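Here's the structure we're looking at; comments come further down.
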Amino acid sequence: SQKIEQNSEALNIQEGKTATLTCNYTNYSPAYLQWYRQDPGRGPVFLLLIRENEKEKRKERLKVTFDTTLKQSLFHITASQPADSATYLCALLDQTGANNLFFGTGTRLTVIP
Amino acid sequence: GAGVSQSPRYKVAKRGQDVALRCDPISGHVSLFWYQQALGQGPEFLTYFQNEAQLDKSGLPSDRFFAERPEGSVSTLKIQRTQQEDSAVYLCASSLVIATGFSTDTQYFGPGTRLTVL
């Protein structure tokens, strides 16, 4: 069956450290993978996109890697801040041609001051 | 407003009632998506519109769910004879271009409507 798993439901880290979130998928052929941030009571907000032929993407303090052999994406937030506390969702567009995104269950990140 | 708006933000319905959820996408956005997000889960695709055409409704969980976008802008998701398992947040998203050929166009999400069925 198809699955998108994110490493843990919740992750607590100390301010200033690097947060690393994991997204693993099974039985998908992603055309690309995206990461979103979702705050309580709000819809997801797009952060980064990485295509299947790209290894790494960066945007300010954010970095995403994509390993199609391992079927895994890693999402890093460097120099984390309490304002980074939120749920982070990975999502992929499958190459079957469907137009919709498939989302993981999310990881709730808490950055402790 | 610049973003996607949804109304109502909260809806409580008695089991068996019909509900209608509204989505106002960003002006000019061609593509519109509906997702269902259960508590502690990621969003799950329900249906997709390109302008007024409903091109994919494969995610609708039953024939009690119906969506429309008659003029290619505002969309309504209707749920008939609501059941307790319909309780969730219903998210609407829009994007500027047509979502074909692995479009990488960003989807902009609304705040969602939280539906609680008693």
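The values are calculated or read from the model by the stated rules, or taken from the named source; none is laboratory data. All of these numbers come straight from a predicted model, not from anything done at the bench. Cβ sites come from the backbone with ideal geometry, for glycine too, and all protein chains shown count toward neighbours. Protein only, heavy atoms only, side chains kept; ligands, DNA and RNA dropped before computing areas. Shrake-Rupley method; radii C 1.70, N 1.55, O 1.52, S 1.80 Å.
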When A:GLN95 is evaluated against the numbered criteria (1) within 11 Å of chain B (Cβ to nearest Cβ); (2) of a type outside the set (Val, Ile, Thr); (3) without any contact (Cβ under 8 Å) to a residue 60 or more places away in the chain; (4) farther than 27 Å from B:GLY110 by Cβ, which criterion, by number, is the only one it fails? (3)
Of the numbered conditions (1) over 21 Å from B:GLY112 (Cα atoms); (2) open to solvent by 30 Å² or more (accessible area, probe 1.4 Å); (3) assigned to a strand (DSSP E or B), A:GLY16 fails exactly one; give the number of that condition. (3)
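For every residue, the table says whether it meets (1) under 17 Å from B:ARG114 (Cβ atoms); (2) touching a residue at least 12 places away in the same chain (Cβ under 8 Å); (3) among the small types (Gly, Ala, Ser).
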site	(1), (2), (3)
B:SER31	no, yes, yes
B:TYR35	yes, yes, no
B:ASP56	no, no, no
B:LEU77	yes, yes, no
B:CYS92	yes, yes, no
Would you pick out the residues in segment A:90-109 that are closer than 19 Å to A:LYS63 by Cα and in contact with a Ser or Thr (Cβ under 9 Å, 6 or more places away or on another chain)? A:CYS90, A:LEU92, A:GLY106, A:THR107, A:ARG108, A:LEU109
Output the residues belonging to segment A:89-113 that are outside any loop (DSSP other than H, G, I, E, B) and of a type in the set (Val, Ile, Thr). A:THR107, A:THR110, A:VAL111, A:ILE112
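Just the residues that are under 18 Å from A:SER29 (Cα atoms) and either assigned to a strand (DSSP E or B) or within 14 Å of another protein chain (Cβ to nearest Cβ) (or both), please, taken from segment A:65-88.
A:THR65, A:PHE66, A:ASP67, A:GLN72, A:SER73, A:LEU74
Give the residue, chosen from B:ALA53, B:ALA20, B:ALA67, B:ALA2, that is buried (at least 17 other Cβ atoms within 10 Å of the Cβ), of a type in the set (A, V, I, L, M) and either more than 26 Å from A:LYS3 (Cα to Cα) or out of contact with any helix residue (DSSP H, G or I) (no Cβ under 9 Å at 6 or more places or on another chain) (or both). Break it down into steps so the answer makes sense when it comes.
Values: B:ALA53 fails: buried (at least 17 other Cβ atoms within 10 Å of the Cβ); B:ALA20 fails: buried (at least 17 other Cβ atoms within 10 Å of the Cβ); B:ALA2 fails: buried (at least 17 other Cβ atoms within 10 Å of the Cβ).
That would be B:ALA67, the only listed residue that is buried (at least 17 other Cβ atoms within 10 Å of the Cβ), of a type in the set (A, V, I, L, M) and either more than 26 Å from A:LYS3 (Cα to Cα) or out of contact with any helix residue (DSSP H, G or I) (no Cβ under 9 Å at 6 or more places or on another chain) (or both).
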Under 7 Å between Cβ atoms, at least 6 apart or on separate chains: pull out the pairs that start in segment B:1-23 with a residue that is closer than 21 Å to B:GLU68 by Cα and polar (S, T, N, Q) and end on any residue that is assigned to a loop (DSSP other than H, G, I, E, B) and open to solvent by less than 50 Å² (accessible area, probe 1.4 Å). B:SER5/B:GLY110; B:GLN6/B:GLY110; B:GLN6/B:PRO111; B:GLN6/B:GLY112; B:GLN17/B:THR82
